[in-house]
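Right, one structure below, let's go through it.
The values are calculated or read from the model by the stated rules, or taken from the named source; none is laboratory data. Computed from a predicted structure; not experimentally measured. With ideal geometry, Cβ positions are generated from the backbone for all residues, glycine too; neighbour counts draw on all protein chains shown. Ligands, DNA and RNA are stripped out before the accessible areas are found, and what is left, the full protein with its side chains, is counted by its heavy atoms. Shrake-Rupley method; radii C 1.70, N 1.55, O 1.52, S 1.80 Å.
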Amino acid sequence: SNSVRFSAATLAIRIAANTCEDTVAHNAYLVGKIMAARLDHPVERTDELDMLYQTSFGDCTIGIEAARRMLRTSYTIHGTTERLSRQLRVAFALKVCGDIAGSKALLEKVHAESVKEHLASTFSFASWRLSSIHLDLDDIIEAERWFGEYQRIAPVDREPLAGVIVNNHSVRIALVRGDLVRAEYHFLRGQESMLESGHLIRLAHSMATQLGIARLRADIAEVAKVVDIARPIFKKVQSSIGQSFFASEIALSLATLGLLEEATCTANEYVRVRREQSPLPNYFTKRLEVFGIVIRQRT
């Protein structure tokens, strides 16, 4: 049916975002547009498709306009879970497209309503997203507080994704805290699911955490070894959503090895091709400035 084909197109775009396959995403988007026109509420379906595709691969101006229309229409949805789930997707699109304040406010609203309605799934995802925003703002206290909310009810034993989130996010927080034991523990726990998934974006996160752990160990030989493996992977993912952590870790590692020119070029090339329209995370420039690396902000 047209509805099934539309759902398949949106799923294909989501998968392509994790495998960094632009052509696959574009073809799925074209199919989705055709299917959306044949369904009930075609404008709303097109907005859903535009928010997803344009945010990840296309024009963020179109993506954020679609996201804001999706937010307005979400208030007409009678089912609370469906409405809040849509608002979570909108909040993510707003963040990518540059509206950090709008994303944060919407996530806080979803979180509060999820508490009121006892909705564990939207509660946990809102908590995780808020923790991620505070990590970007270099506010480790708030990042840990919101992540604690996520961990409190995350269905780690039932849902593999929850385990991936817990381990990956715990490594990020441990690296900020300089807690090598915790970073290594959660990195090793997360490796099995990463290797099983064949998921390029998860592999990128794994490489970033390996770089961070090697630097925390002050093991120069290991840093050099991981950098050699990480370079080609970073090239593949640097224009995908959510790669500031990887970019900062590879640039810091290059600088640690004394390769300041390559570190500067790597960081600035990332800024040039970076998918997000939001400001660079606070930690990105702050940590690179320690090595005298100047970042040319995108205009």
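Miscellaneous remarks
- Pairing each residue of region 164-175 that is without any contact (Cβ under 8 Å) to a residue 40 or more places away in the chain with any residue that is in a helix (DSSP H, G or I) and among the basic types (Lys, Arg), provided the two are 6+ apart or on different chains, yields C-beta distances under 6 Å for Asn167/Arg189; Ala174/Arg182.
- Scan of region 237-272 for residues that are out of contact with any Leu (no Cβ under 8 Å at 6 or more places or on another chain), within 24 Å of Asn168 (Cβ to Cβ) and either of a type in the set (Ser, Thr, Tyr) or not in a helix (DSSP H, G or I) (or both), ordered by number: Gln238, Ser239, Ser240, Ile241, Gly242, Gln243, Thr256, Tyr270
One line per residue, one yes/no per condition, for (1) in contact with a Ser or Thr (Cβ under 9 Å, 6 or more places away or on another chain); (2) within 15 Å of Gln277 (Cα to Cα); (3) in a helix (DSSP H, G or I):
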{"site": "Ser7", "(1), (2), (3)": "no, no, yes"}
{"site": "Leu11", "(1), (2), (3)": "no, no, yes"}
{"site": "Lys33", "(1), (2), (3)": "yes, no, yes"}
{"site": "Leu39", "(1), (2), (3)": "yes, no, no"}
{"site": "Asp50", "(1), (2), (3)": "no, no, yes"}
{"site": "Gln54", "(1), (2), (3)": "yes, yes, yes"}
{"site": "Gly63", "(1), (2), (3)": "yes, yes, yes"}
{"site": "Phe92", "(1), (2), (3)": "yes, yes, yes"}
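- Some residue of region 162-180 being open to solvent by less than 30 Å² (accessible area, probe 1.4 Å), out of contact with any Phe, Trp or Tyr (no Cβ under 9 Å at 6 or more places or on another chain), in a helix (DSSP H, G or I) and more than 28 Å from Ser56 (Cα to Cα): no
- Filtered by the rule that a residue be closer than 24 Å to Pro42 by Cβ and either over 18 Å from the mean Cα position of the chain (by Cα) or of a type in the set (S, T, N, Q) (or both), region 1-24 gives Ser1, Asn2, Ser3, Val4, Arg5, Phe6, Ser7, Ala8, Ala9, Thr10, Val24.
- Annotation note: of Ser131, Ser103, Ser121, Ser114, the sole residue that is surrounded by fewer than 23 Cβ atoms within 10 Å (Cβ to Cβ), part of a helix (DSSP H, G or I), in contact with a helix residue (DSSP H, G or I) (Cβ under 7 Å, 6 or more places away or on another chain) and in contact (Cβ under 8 Å) with a residue 12 or more places away in the chain is Ser114.
- All conditions but one from (1) assigned to a helix (DSSP H, G or I); (2) at pLDDT below 95; (3) open to solvent by 60 Å² or more (accessible area, probe 1.4 Å) apply to Met194; the one that does not is (3).
- Selection of region 276-299 for residues being of a type in the set (Asp, Glu) and open to solvent by 80 Å² or more (accessible area, probe 1.4 Å) yields only Glu289.
- Arg89 meets all of the listed conditions (1) under 28 Å from Arg287 (Cα atoms); (2) open to solvent by 30 Å² or more (accessible area, probe 1.4 Å); (3) without any contact (Cβ under 8 Å) to a residue 60 or more places away in the chain; (4) under 17 Å from the mean Cα position of the chain (by Cα) but one, namely (1).
- Which numbered condition Ala263 fails, given (1) surrounded by 15 or more Cβ atoms within 10 Å (Cβ to Cβ); (2) more than 22 Å from the chain's Cα centre (by Cα); (3) touching a residue at least 24 places away in the same chain (Cβ under 8 Å); (4) farther than 30 Å from Cys60 by Cα: (4)
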